[in-house]
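The values are calculated or read from the model by the stated rules, or taken from the named source; none is laboratory data. Being a predicted model, the structure only gives us computed values, none of them experimental. Please note: Cβ atoms are built from the backbone with ideal geometry, for glycine as well, and neighbour counts cover all protein chains shown. Heavy atoms of the whole protein, side chains included, go into the accessibility calculation; ligands, DNA and RNA do not. Shrake-Rupley method; radii C 1.70, N 1.55, O 1.52, S 1.80 Å.
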Amino acid sequence: MKMLLALAALVVAAPVAAQYPDKPVTLLAGYPPGGLVDVVSRLVAEGMKPKFPKGLNVVNRPGAAGAVAVAEVVRSAPDGYTIVLTPHSALVIAAQLQSLAYKTPDDYDPFINLVSYYPMIAVRSESDYRTIQDLVADAKANPGKLRVGSPGEGTSSHLNLEEFMRQTGTRMIHVPFQGWAQSSPALLGGHIEAVVAQPGELKGAVEGKRMRVLVNFRPARLASFADVPTAKEAGWDVANGVWYMLLAPKGTPPDVVRYLHDAAKSAIEQPKFAADMANRGIDVDYRPGARLREDLAREYKLHTEILRRIGMLKN
């Protein structure tokens, strides 16, 4: 009898993680279907599925610049069955603009960074601005006249623009839109002089000779836009990119986190995934959890200063 009780105790004490995954996993995407977050989520999930025989399902949970999905995961059971793919802007920007279920990188478990991209400034092909120096010179000569669009207030594109204005000593009018579907017609229609957008959005317009890219907010030139200089080349240290990563609730068992990490890493190492990303102007940017947490802590502080400077920081 004692032996049976001892065996029963061992069974009860066996970590739940040892059976993981024994039911379907939900991967939340914090933006609507068809957008870049949704596309990357589904491509990563497809590559991860062989490790999840019970299923891995992508569920769109849009709202509050990605914060709705992150908040849901933060409040979920820390068992590895609900995770989220999110841009880091939902973590280092949105969390400092509103009261959410999470605040700092200590409130969740980021376990892998997947990809990254960096915004660029573009103008119409008919524009007199041939170089970024032309645009800066005009902005200095006519402060408060040039209108520059972005996908929205508080986005990485917006904050890159704010930092660019600070470093160039210019004052331009920021015009927030609800994404590329609104900002691109505004630029082509002459309602704004320039736009900050991502490479994948600009690619078709540039190839169609409708737009011209002046500068890339990337540490180094992008192969698919090899003729576009970086801001750093011109002497302006502006290179705030957008990272897409996977998070689990804080307290998720280490073995489960490792399983999720390994499955995602295997997915982004597949040649098809890298090719799909390159075609969209996106870099595969693998970073494991420990390094990612350090990077997020640094970015959080950096964005605190930017948001405070432009008067958007929530007290």
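If you average the sequence gap of Cα pairs under 8 Å that are 6 or more apart and divide by the length of the chain, what percent do you get for the contact order?
On the way: 592 pairs, mean separation 81.4, N = 315.
Relative contact order here is 26 percent.
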Using alpha-carbon coordinates, inclination of helix 2-13 to the longest axis of the chain, degrees:
10 degrees
Rounded to the nearest 10 degrees, what's the angle between the helix 289-309 long axis and the longest principal axis of the chain, both from Cα atoms, 0 to 90?
40 degrees
A29 neighbourhood, Cβ < 9 Å, K/R = +1, D/E = -1, net charge +1
Taking the full set of protein chains and a 1.4 angstrom probe, give the accessible area of E233 in square angstrom, rounded to the nearest 10.
100 Å²
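Considering only Cα-Cα distances, which of the following residue pairs are longer than 28 Å: K203/K272; K54/K301; K232/K265?
Details: K203/K272 20 Å; K54/K301 40 Å; K232/K265 30 Å.
Listed pairs above 28 Å: K54/K301; K232/K265.
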Measure nothing but the geometry: give the 0 to 90° angle between the long axis through the Cα atoms of 132-141 and the longest principal axis through the Cα atoms of the chain, rounded to 10°.
60 degrees
Counting only C-alpha contacts under 8 Å and six or more residues apart, can you give the relative contact order of the range 142-207 as a whole percent?
43 percent
Ignoring ligands and nucleic acids, D237 exposes an accessible area, probe 1.4 Å, in Å² to the nearest 10, of 100 Å²
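Excluding ligands, DNA and RNA, what is the solvent-accessible area per residue of the chain at a probe of 1.4 Å, expressed in Å²? Can you show the working numbers first?
On the way: 14190 Å² over 315 residues.
Ligands and nucleic acids excluded, the result is 45 Å² per residue.
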Just to be sure I understand: with springs between alpha-carbon atoms less than 10 Å apart, which residue in G154, G289, G208 has the highest mean-square fluctuation in the Gaussian network model of the chain?
G208
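When the helices in the chain are scored as -39500 (n - 2.57) per DSSP H run of 4 or longer and the sum is shared across all residues, what 222 nm value do you end up with, to the nearest 500 deg cm²/dmol?
The helix contribution divided over the chain gives -12000 deg cm²/dmol.
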Exposure of V284 as accessible area (Å², to 10), given a probe of 1.4 Å and all protein chains
60 Å²
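Quick check: with the 1.4 Å probe, what order do D106, D285, D38 take by accessible area, largest first? Let's see the in-between values first.
Details: D106 105, D285 30, D38 10 Å².
Result, largest first: D106, D285, D38.
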